[in-house]
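K.L.:
Please see the structure below; I have some questions.
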Amino acid sequence: MRTKTLMFLITYRCNLRCSYCYEPKATAHTVDSARLRSLIRKSILSLPDEYDSFEIHFMGGEPLLEFNLIKEISEWLWRQKHDKTLSMIYAPTNGTLLSDDIRQWCTENRERFCLGLSFDGNETMQNINRSGSSSSINLDFFVRTWPQQSVKMTISPDTIGEFAAGVKFLHFKGFKKVVADLARGIHVQWDKKHLKQLSQQLDELSQFYLFHNDEYHLPLLDIDIFGLQTNKNEVYKSCSCGEDLICIDVDGTEYACHLFSPVAIPIDKARRSLSIDFTRHEDLQNSECQICMLNRLCNHCYGMNYICTNNVSTPDSFHCAAFKTIYIANCRHQLRMAKHDGNAEKITRIGKLIDTIK
């Protein structure tokens, strides 16, 4: 089954000011109910035949600032008959605006509506990154309501020294899966000392997962280390932006994802991105990435590349160095796991892999 993800920007507003935020906060656009219904109806009716289902994502800003709109439109969508399957309605959130009414509605509809929480580690890390907001967020509600849903954790230069502690805090709070990413953006200042901290923190987490691997999951330490690129002419696209995923702005303009829209970048830069053809995967490659053995494994975030370097195919230099650090940490972690499990075959394979990399 092939699914189309339809992101709808419903508000540019946010009630927090995260330290690493790439959204300029220059405008406060919000879409009204009639307009949003029209945009959704048009997007559903224009879905190509190859899609069997679709998801609706309500994006911001902070989407729960428009909860009444989310509730109204969701219930309207559920009443409609669709030619294709509506698989899920989703909204990311900073978690600070959960009133009793919101919690009740989410609980009643948790099989067909999901909130994805962003929480940046332990309470100290959250407060540093996210406007001192930790006491405003009910972590237990998210764990209880969507037990299989991951929590998104962003690591900033100010919190990387607590990275491992933050992941373990979230696991012990009940989140089985923590999706951790390094903050990126033109205002985020990383340097070489942070690479050493990243390596140390991943090693500490490796020790933790040695004894908790069946309980918890950190995708950052679960890379397919054997999936190296062997064909330098291979064309590879790492995400579905501009194809299986699109973002519809409040004025109806379709962007490849929210990172290309005016909620994240200046309007003139957003408009320039409309000329990029994301179906031409060969245009998303650059020569340096193309010859890198890690090309197929790297998360080429084209939107963040565009934000940081003005070129969808060119990541910032720290991103490259950080991913190499992450890959090496994965090799060490999986070798440690293989030795712990007594998996002689995997130990040999990783040894050969290390020789290849050298």
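The values are calculated or read from the model by the stated rules, or taken from the named source; none is laboratory data. Just so you know, these numbers come straight off a predicted model, no measurement behind them. Positions of Cβ are generated from backbone atoms using ideal geometry, with glycine treated the same way; all protein chains shown enter the neighbour counts. Just the protein is used for accessible areas: all its heavy atoms, side chains included, with ligands, DNA and RNA removed. Shrake-Rupley method; radii C 1.70, N 1.55, O 1.52, S 1.80 Å.
K.L.:
So which residues in region 16-57 are in contact (Cβ under 8 Å) with a residue 40 or more places away in the chain and within 18 Å of LYS71 (Cβ to Cβ), if there are any at all?
P.N.:
THR30, VAL31, SER33, ARG35, LEU39, GLU55, ILE56, HIS57
K.L.:
Still on this structure, please answer the following. Among the residues of region 206-230, count how many are within 20 Å of ALA322 (Cβ to Cβ) and not in a loop (DSSP other than H, G, I, E, B).
P.N.:
Let us first name the residues in region 206-230 that are within 20 Å of ALA322 (Cβ to Cβ), namely 206, 209, 218-225, 227-229.
Now narrow it down to the ones that are not in a loop (DSSP other than H, G, I, E, B): 206, 209, 219-221.
Adding up the residues that qualify gives 5.
K.L.:
Now, a different point. Which numbered condition trips up GLN189, out of (1) part of a helix (DSSP H, G or I); (2) of a type in the set (S, T, N, Q); (3) open to solvent by 50 Å² or more (accessible area, probe 1.4 Å); (4) touching a residue at least 12 places away in the same chain (Cβ under 8 Å)?
P.N.:
Of everything listed in (1) part of a helix (DSSP H, G or I); (2) of a type in the set (S, T, N, Q); (3) open to solvent by 50 Å² or more (accessible area, probe 1.4 Å); (4) touching a residue at least 12 places away in the same chain (Cβ under 8 Å), GLN189 misses just condition (1).
K.L.:
Can you tell me which condition LYS176 does not meet? The list is (1) in contact with a strand residue (DSSP E or B) (Cβ under 8 Å, 6 or more places away or on another chain); (2) more than 13 Å from HIS333 (Cα to Cα); (3) open to solvent by less than 80 Å² (accessible area, probe 1.4 Å), and all the others hold.
P.N.:
With (1) in contact with a strand residue (DSSP E or B) (Cβ under 8 Å, 6 or more places away or on another chain); (2) more than 13 Å from HIS333 (Cα to Cα); (3) open to solvent by less than 80 Å² (accessible area, probe 1.4 Å) applied to LYS176, the lone miss is (3).
K.L.:
Also, I was wondering about something else. I'd like to know if region 5-21 contains one or more residues that are aliphatic (A, V, I, L, M), under 30 Å from HIS187 (Cα atoms), assigned to a loop (DSSP other than H, G, I, E, B) and under 24 Å from the mean Cα position of the chain (by Cα).
P.N.:
If we filter region 5-21 for residues that are aliphatic (A, V, I, L, M), which is where we start, we get 6-7, 9-10, 16.
Filter again for under 30 Å from HIS187 (Cα atoms), leaving 6-7, 9-10, 16.
Now narrow it down to the ones that are assigned to a loop (DSSP other than H, G, I, E, B): 10, 16.
Then drop every residue that is not under 24 Å from the mean Cα position of the chain (by Cα), which leaves 10, 16.
For region 5-21, residues aliphatic (A, V, I, L, M), under 30 Å from HIS187 (Cα atoms), assigned to a loop (DSSP other than H, G, I, E, B) and under 24 Å from the mean Cα position of the chain (by Cα): present.
K.L.:
So which of SER131, SER118, SER99 is open to solvent by 10 Å² or more (accessible area, probe 1.4 Å) and at positive phi? Lay out the reasoning, then the answer.
P.N.:
Values: SER118 fails: at positive phi; SER99 fails: at positive phi.
Every option except SER131 fails the conditions.
K.L.:
What residue, of ASP277, ASP283, is open to solvent by 30 Å² or more (accessible area, probe 1.4 Å) and assigned to a helix (DSSP H, G or I)?
P.N.:
Working: ASP277 fails: assigned to a helix (DSSP H, G or I).
Criteria check complete, one pass: ASP283.
K.L.:
Give me the pairs, please: first residue somewhere in region 140-152 and aliphatic (A, V, I, L, M), second residue anywhere and exposed (fewer than 13 other Cβ atoms within 10 Å of the Cβ), beta-carbon distance under 8 Å, and either six or more positions apart or on two chains.
P.N.:
So the pair list comes out empty.
A quick yes/no check of all residues on (1) surrounded by 21 or more Cβ atoms within 10 Å (Cβ to Cβ); (2) in contact (Cβ under 8 Å) with a residue 40 or more places away in the chain:
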| position | (1), (2) |
| --- | --- |
| THR159 | yes, no |
| GLU162 | no, yes |
| ALA165 | no, yes |
| GLY185 | no, yes |
| GLN197 | no, no |
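K.L.:
Ok, one more. Looking at the structure I just gave you, is ALA329 over 19 Å from ILE186 (Cβ atoms), part of a helix (DSSP H, G or I) and among the small types (Gly, Ala, Ser)?
P.N.:
On the way: over 19 Å from ILE186 (Cβ atoms): yes; part of a helix (DSSP H, G or I): yes; among the small types (Gly, Ala, Ser): yes.
In short, yes.
K.L.:
Residue under question is ASN68, and the condition is that it be surrounded by fewer than 13 Cβ atoms within 10 Å (Cβ to Cβ), modelled with pLDDT of 95 or more and over 16 Å from CYS247 (Cβ atoms); does it hold? Please lay out each step first, then the result.
P.N.:
Details: surrounded by fewer than 13 Cβ atoms within 10 Å (Cβ to Cβ): yes; modelled with pLDDT of 95 or more: yes; over 16 Å from CYS247 (Cβ atoms): yes.
Criteria met by ASN68.
K.L.:
Could you pull out every one of the helices (runs of 4 or more DSSP H) wholly within region 27-142 that has 1 or more residues that are polar (S, T, N, Q) and within 20 Å of the chain's Cα centre (by Cα)?
P.N.:
123-129
K.L.:
Tally up the residues in region 67-102 that are in contact (Cβ under 8 Å) with a residue 40 or more places away in the chain and more than 15 Å from ILE56 (Cα to Cα), please.
P.N.:
Residues flagged as in contact (Cβ under 8 Å) with a residue 40 or more places away in the chain and more than 15 Å from ILE56 (Cα to Cα) within region 67-102 amount to 5.
Residues are listed down the side, and each one gets a yes or a no for (1) at pLDDT below 95; (2) more than 24 Å from THR154 (Cα to Cα); (3) not aromatic (Phe, Trp, Tyr):
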{"site": "PHE8", "(1), (2), (3)": "no, no, no"}
{"site": "TYR22", "(1), (2), (3)": "yes, no, no"}
{"site": "LEU36", "(1), (2), (3)": "no, yes, yes"}
{"site": "LEU39", "(1), (2), (3)": "no, yes, yes"}
{"site": "LYS42", "(1), (2), (3)": "no, yes, yes"}
{"site": "SER53", "(1), (2), (3)": "no, yes, yes"}
{"site": "HIS57", "(1), (2), (3)": "no, no, yes"}
{"site": "GLU62", "(1), (2), (3)": "no, no, yes"}
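K.L.:
Could I ask something else about it? For region 203-236, which residues satisfy the criterion of being polar (S, T, N, Q), over 18 Å from PHE172 (Cβ atoms) and open to solvent by 20 Å² or more (accessible area, probe 1.4 Å)?
P.N.:
THR230, ASN231, ASN233
K.L.:
May I ask you to say which residue of ASP355, ASP251 is of a type outside the set (Ser, Thr, Tyr), surrounded by fewer than 20 Cβ atoms within 10 Å (Cβ to Cβ) and in a loop (DSSP other than H, G, I, E, B)? I'd like the intermediate steps shown before the answer.
P.N.:
Details: ASP355 fails: in a loop (DSSP other than H, G, I, E, B).
Checking each option against the conditions leaves just ASP251.
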